[in-house]
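Note sheet for the following structure.
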Amino acid sequence: MLPLFASCGEPMRGIAIGDAEPAPPLQLTAFDGARFDIAAHKGSVVLVYFGYTHCPDVCPTTLSDWAKARRALEDDSAKVKFVFVSVDPERDTPELAQVYARQFDRAFIGLSGTVEEIESLKTAWNIAAYPEGDTRGRAYSVAHPAYTFVVGRDGRLRYLYEPGVRSEDLAKDLRKLL
Amino acid sequence: MKTWQKIFASCCSVLVLTVAACDRAPVVTPVTLTVHNAWARPADSGSSTALYFILANSGHGADTLVGVASTEAEVTELHVSTQRGGMMHMSQVRTLPVPAEDSVTFRPLGAHVMMMRVLRRLTVADTVAATLTFSSGQQVVVRAGVRPN
């Protein structure tokens, strides 16, 4: 009898998306006026996180973990794009989003858009994001998706990763997707 | 400040004093709450960060964290991050029990001191401070070293 799982590798840590559909559209104008289009990055693995720059805990934790994973990828890191999208268009300009993302790693891409663009994005990606706490001033927080979305080289949405995933585990999984 | 106060202040990172009537010796409440391993991530001015640390209570009685303040941010609050239904939420917590002879860990994706819209750029090797106030009257100053992780 053949041993079970003999050919199985280490399981992926992410949550597999059963019927991997093509990634929803993600087209926004970057701080320098260049158009970012996720469809143009077929051939690369793309990580997408929807957060906001005033986020004091979860977003910086996620982006720090991304940065560690990217370093662990070494030469392969060029084949992976890390995209932070602000879902707080009232406060985050494309420039702020880019400066924020680059705090963690110079290769990270930070994006924002108009209120209308972000609303369209939320619909397309089937995600929610909304202000919470004391929204009278500028110091409110924003509820946002917990997961990192991972798009495979074929442009299909493949995995979701929980916040707090170990960076070495994320790096291992990303290597398998390359 | 009186001489004894200066000496005491220079010896302790946390200071708990109850000064009795002026003609009597001051009563010094034993320090039972201490903070260890405090750190915060870098942040640009106007951006946000969080303080993470271990809060230890060596006393025989429980205490309750009832407030946090800092002059380093527009808003400083005690918060907890929670994940519900695929969403991340951050909620303010008004009080947090600190059991006797135990510790509470403030950590990423959990309880933290939220500092929103910091008033200066916080870079690696800076220190950022906040003061915790407890129901016992004790106050503990958190001095967090700024580092990426």
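Just so it is clear, none of the values below were taken in a lab; they were calculated from the coordinates. Note that the coordinates shown come from a computational prediction; the quantities given were computed from them, not determined experimentally. Note: ideal-geometry Cβ built from the backbone for every residue, glycine included; neighbour counts use all protein chains shown.
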TODO: Provide the packing ranking of A:97-104, B:77-84, A:25-32, i.e. peptides ordered by the mean count of other C-beta atoms within 10 Å per residue, highest first.
DONE: A:97-104, B:77-84, A:25-32
Task: Evaluated over region A:33-178, the Cα radius of gyration and Dmax, each in Å - done: 14.6, 47
TODO: Filter the cross-link list A:122/A:176; A:68/A:172; A:42/A:81 down to pairs whose alpha-carbon distance in this structure exceeds 21 Å.
DONE: A:122/A:176
Task: Rg followed by Dmax, in Å, when the protein assembly as shown is reduced to its Cα trace - done: 23.0, 90
TODO: Hey, could you get me the Stokes-Einstein D for region A:18-109, Kirkwood radius over alpha-carbon pairs, 4 °C and 1.567 mPa s, rounded to whole µm² s⁻¹?
DONE: 93 µm²/s
Open item on the list: Run the helix sum for chain A: -39,500 (n - 2.57) per DSSP H stretch of 4+ residues, divided by residue count, reported at 222 nm to the nearest 500 deg cm²/dmol.
Closed with: -8500 deg cm²/dmol
TODO: Report, as an integer, the average count of C-beta atoms from other chains found within 10 Å of each Cβ along A:143-151.
DONE: 3
Task: Gyration tensor over alpha-carbon atoms, region B:32-146, equivalent ellipsoid semi-axes in Å - done: 23, 17, 12
